[in-house]
C-alpha cells in the first residue's frame, strides 16, 4: 500500500517524520525552498519517490539532497531505499505559489531590516574563504586580483569586475575577499564591508523608496570600506536602481575605498546597463574566469571528496575530471550522486560505479560548454534571469532570449531537441521551432527586436549570434 505525503501537512506519521528529519539535516531555509511547496514524497514497495514540478528542481534535488533524503529515511525506518526523483507537471501550481511566497518573504525581510538600526559590518562570516579556493590557469589572474582587493589598502584598480559562467568560482572569490577583510581595522575602527547580490541591493533600494529611508540606506552602503556585489547583472533594465548604484559607486570610489563585483557577463555584454555604469566598470580590472582545467578539476575533486569523507580512488576521480569539463558545481554534483550510491550499497566508490552513474549525464552534456553557460550569457545580455528562460512567460524579451538560447544550445552542444526543450521547461517542438525561426532570420539577414524599460531595441540576428558566441568561447 502506498503512503503519500504532500509537504509537511501529511497525515501519515512515518513519512511526516522523515520530512521533519530531512528539515533538521539540511536546515529550514533549504527545506522550505525545495521541499515545503511544489514537491511531494511517497513511499511504496521499498522505494522513495520524490515528485517535482520540472527538470530544474529534479536535477537540483538529485545532485544536492539525494543523500540527505536517503539518510532521513534510514534514520526513521532503518530501510536502505533507492531515491527516485520524478517530474510531475501537476505540481507546477504549487511551485508558482512557493515562488510568490518567497518573494513576499524577501520583501518582508527587507522591511524588517529597514525598521531596525543597521551596521554595514556583516555580523557573521560568509561560506567561502580564499584559502579554500583552488587556483589554476583558468582563474589565477582573478585570484591574484582578489588578493590585491583585500589587502587593506585601495588596490591599484577599482572596481574589480569578475565574470564567467555559472559555477566557476565568482561567488567564492567575492565572499573570500569579504572574509579576508572581516578582522581588519581602519583608523581605530572596524573595517566596514558588505556582501550583497544585485537582487538584495535592488530590494533594499525599493524599500528605502517606499518607506522614505534614504538616509539609512545611503549610510549603509556609502560609508563602506569594501562593497562586494554579486550577480550585478541583476541591475540590468532597472534604471532607477542603476542611478542609485551609480551614486553609491561614486561615493565609495571617491573616498578611496574598494568595490568588487561579479557577473555572468562582462560589462558591455550585460543587457540594458547604463553607459555610465559600463564605463566605470570597464575602467577598473575586468577579468574572466574560465571553466577549470584538468589539473584544477582533479584538485577540486580531491578536496571535495575529503570534505565529504567519501571513499573514492584517484582513478575514479580522474574519470570524473576527464569527462566533466564544465563548472565546479557539476563536479560537486557528481560526487554527491556517487556518495548517495555508495551509501546505499554500503561501500566505496569504484571506477565502474562512477562510469555507470555518470553515463546518462555524459550522454546529455558531451561538451565543455553546457546549456547552463548558454542560458547565463543570453539572460545577462537581455537583462533577464535564467529562471525567466525556464518560465512560462511569453513577453517579447523572454521569448527572444529563449529562442536565442535554444539556437545556441543546438549549435554549440551535443544535446538533442528533446533534451534542449526539457532542460528549458519546454517540449521537443518548441525547441525545433525556435531553432528554425532563428535559422530563417539568419538566412534572410533579419533583425531581432525586443522590449526594454527604455523602449524597443533591435539588432541584426547574425550580429547578435556572433556576439554571444564569442562570449561563450
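The values are calculated or read from the model by the stated rules, or taken from the named source; none is laboratory data. Quick caveat: nothing in here was measured; it's all calculated off a predicted structure. Reconstructed Cβ throughout: ideal geometry from the backbone, glycine too, with neighbour counts over all protein chains shown.
Quick notes
- So residue 405, is it touching a helix residue (DSSP H, G or I) at 6+ places or on another chain (Cβ under 8 Å), farther than 21 Å from residue 264 by Cβ, assigned to a helix (DSSP H, G or I) and outside the structural domain of residue 240 (by TED's automatic domain parsing): no
- Among the residues listed as 437, 410, 457, 402, the single one being in contact with a strand residue (DSSP E or B) (Cβ under 7 Å, 6 or more places away or on another chain) and either under 19 Å from residue 383 (Cα atoms) or without any contact (Cβ under 8 Å) to a residue 40 or more places away in the chain (or both): 457
- Hits in region 435-473 - residues which are outside any helix (DSSP H, G or I), surrounded by fewer than 11 Cβ atoms within 10 Å (Cβ to Cβ) and modelled with pLDDT under 85: 454, 455, 456, 473
- Residues of region 408-434 classified as part of a helix (DSSP H, G or I) and closer than 23 Å to residue 87 by Cα, total: 13
- Residue list for region 21-56, restricted to those being in a strand (DSSP E or B) and either in the same structural domain as residue 419 (by TED's automatic domain parsing) or at pLDDT below 75 (or both): 44
- Residues of region 302-333 that turn out to be without any contact (Cβ under 8 Å) to a residue 60 or more places away in the chain and within 27 Å of residue 371 (Cβ to Cβ), as a count: 14
- Candidates 269, 261: the one that is in the same structural domain as residue 200 (by TED's automatic domain parsing) and touching a strand residue (DSSP E or B) at 6+ places or on another chain (Cβ under 7 Å) is 261.
- Contact map, region 339-354: residues that are over 17 Å from residue 317 (Cβ atoms) and in the same structural domain as residue 63 (by TED's automatic domain parsing) paired with residues that are outside any helix (DSSP H, G or I) and at pLDDT 85 or above, Cβ distance under 6 Å, separation 6+ or inter-chain. No pairs are found.
- Set 402, 394: member being over 16 Å from residue 237 (Cα atoms) and at pLDDT below 85: 394
- If the condition is being at pLDDT below 85, surrounded by fewer than 20 Cβ atoms within 10 Å (Cβ to Cβ) and in a helix (DSSP H, G or I), then region 303-331 contributes 323, 329.
- Taken over region 182-191, residues that are out of contact with any helix residue (DSSP H, G or I) (no Cβ under 9 Å at 6 or more places or on another chain) and either in a loop (DSSP other than H, G, I, E, B) or buried (at least 20 other Cβ atoms within 10 Å of the Cβ) (or both) amount to 5.
- When 217, 205 are checked against the criterion of being within 26 Å of residue 380 (Cα to Cα) and buried (at least 19 other Cβ atoms within 10 Å of the Cβ), 205 stands alone in meeting it.
- Boolean, residue 172 is in contact (Cβ under 8 Å) with a residue 12 or more places away in the chain, over 21 Å from residue 275 (Cα atoms), crowded, with 21+ Cβ neighbours inside 10 Å and within 24 Å of the chain's Cα centre (by Cα): yes
- Some residue of region 283-293 being under 23 Å from residue 72 (Cα atoms) and out of contact with any helix residue (DSSP H, G or I) (no Cβ under 7 Å at 6 or more places or on another chain): no
- Test: residue in region 386-397 that is surrounded by fewer than 18 Cβ atoms within 10 Å (Cβ to Cβ), in contact with a strand residue (DSSP E or B) (Cβ under 9 Å, 6 or more places away or on another chain) and part of a helix (DSSP H, G or I): yes
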